[in-house]
Amino acid sequence: MDKVIDKPSVPYADEQSRWAAVQGRDAGADGVFWYSVRSTGVYCRPSCAARPALRKNVAFHDSREAALQAGFRPCLRCKPEQPPLAERRAALVAEACRLIDAADEAPDLDRLAAAVGVSRFHFHRLFKAVTGITPKAYAQARRARRVQDGLARQATVTEAIYDAGFNSSGRFYASSPAVLGMTPTAFRAGGAGTVIRFAIAACSLGAILVASTARGICAILIDDDPDFLVRDLQDRFPKAELIGAEAEYEQVVSRVVGMVERPEIGLDLPLDVRGTAFQQRVWQVLREIPAGRTVSYAELAELVGSPNGARAVAGACAANALAVAIPCHRVVRNDGSISGYRWGVDRKAALLDRERPGNE
């Protein structure tokens, strides 16, 4: 007897599943089929927010052209003749980003909104929903990147500052610690002139290195090999002055180790957090997640304000250099299982286990 092979089901292949998609306003069906309403003479995309039609008045079409040929006109509400709403919004924000990138000075909110044809309020909300940050934060991050690139390319710091769009050197120097994490001269020299104190200790997770600038703790690194931790710090700040084995700094390390052993107590020390605007937003949200609670990458993206940015928040978690203090170990897969962790999944599992209620 010949073996019967089940054919994979095709989503929205029958009228029953299509009608269910229309009733549920399923955006996932947009672009797969369209439906028309005989009583109104229009055709819509499945996610249309218009008042639900009676089933007897609804017909389904595999293309917009088929709906038009059947005598139906596009719905004015969901605009089915245009690309899906999410795609249109992404294109609008991408255009705004191009305008910001191309401008010598960041355009103000009114100019950007007018350029893409929406209101100021709607543009600000839309930009943040798509990117996870505000237009101002995006412009600042882009300008910071220009300064960083320029410091490596231009003959002088002043040329790099003006090339990046700052209209005065004084204005830039006032904000340079936030933009670069150090003075532009020190940044250009790979951290030269910056003093970083560090020490290595042992904790239940292995060797731990804690390092601080004058602004706060800039690295908490964990590994089995202490020498690897020192090399990692040197790679981050190749020309900084690294000072180790200070008795006074050992007290800072002890407090960090105490936080690693008991994450619920937190860390009441200043942090020198360095990253892009989006990364810093993700890290700030992570710091607000209490011990004993976990979130999925999708949930974290929602909390950050970028519901479609699960992959981007995962990248921000991977870039975190402050183990436990910025608790990216509290982010798990959608099904609750443990995913990758910069310092090893075994350490992630151990941290989550000690944070469970009753294990404190």
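Structural remarks
- Between the amide H of residue 332 and those of 295, 296, 297, distances stay under 5 Å, these residues lying 5 or more places away or on another chain, with hydrogens modeled in the peptide plane.
- Using the Cβ of residue 58 as centre and a radius below 11 Å, the other residues enclosed give a net charge of +3, where K and R count +1 and D and E count -1.
- Residue-span extension gain [residue 82 to residue 202] - 0.36 nm each, minus C-alpha spacing: 37.2 nm
- Residue-wise HN-Hα coupling along the range 254-264, computed from phi with Karplus coefficients 6.51, -1.76, 1.60 (Hz; x: Gly, Pro): 4, 5, 5, 4, x, 5, 5, 6, 9, x, 5
- Summed side-chain charge close to residue 281 - residues other than residue 281 whose Cβ falls under 14 Å, Lys, Arg +1, Asp, Glu -1: +2
- Isotropically averaged projected area of the range 314-360, using the convex hull of Cα atoms (one quarter of hull area), nm²: 3.4
- Our estimate of slack between residue 254 and residue 269, defined as 0.36 nm per intervening residue step minus the Cα-Cα distance, is 4.2 nm.
- Placing dummy labels 7 Å off each Cα toward the beta-carbon, the span from residue 231 to residue 247 is 3.3 nm.
- Each label point was placed 7 Å from the Cα along the Cα-to-Cβ direction; for residue 262 and residue 239 their separation is 4.4 nm.
- Remark on residue 197: its backbone amide H falls under 5 Å from those of 212, 243, a criterion applied only to residues 5 or more positions apart or on other chains, H modelled at 1.01 Å from N.
- Per-residue HN-Hα couplings for the range 206-218 [Karplus 6.51, -1.76, 1.60; θ = phi - 60°; Hz; x = Gly/Pro]: x, 7, 10, 10, 10, 9, 9, 9, 5, 8, x, 5, 10
- Amide hydrogen neighbours beyond the local backbone of residue 73, cut-off 5 Å, H modeled: 42, 43
- Rounded Å value of the spacing that divides the Cα centres of the range 246-312 and the range 45-76: 48
Throughout, read-outs are computed from the coordinates displayed, never taken from laboratory work. From a predicted model like this one, the values you see are computed outputs, not experimental measurements. Using ideal geometry, Cβ is built from the backbone for each residue, glycine included, and neighbour counts are taken over all protein chains shown.
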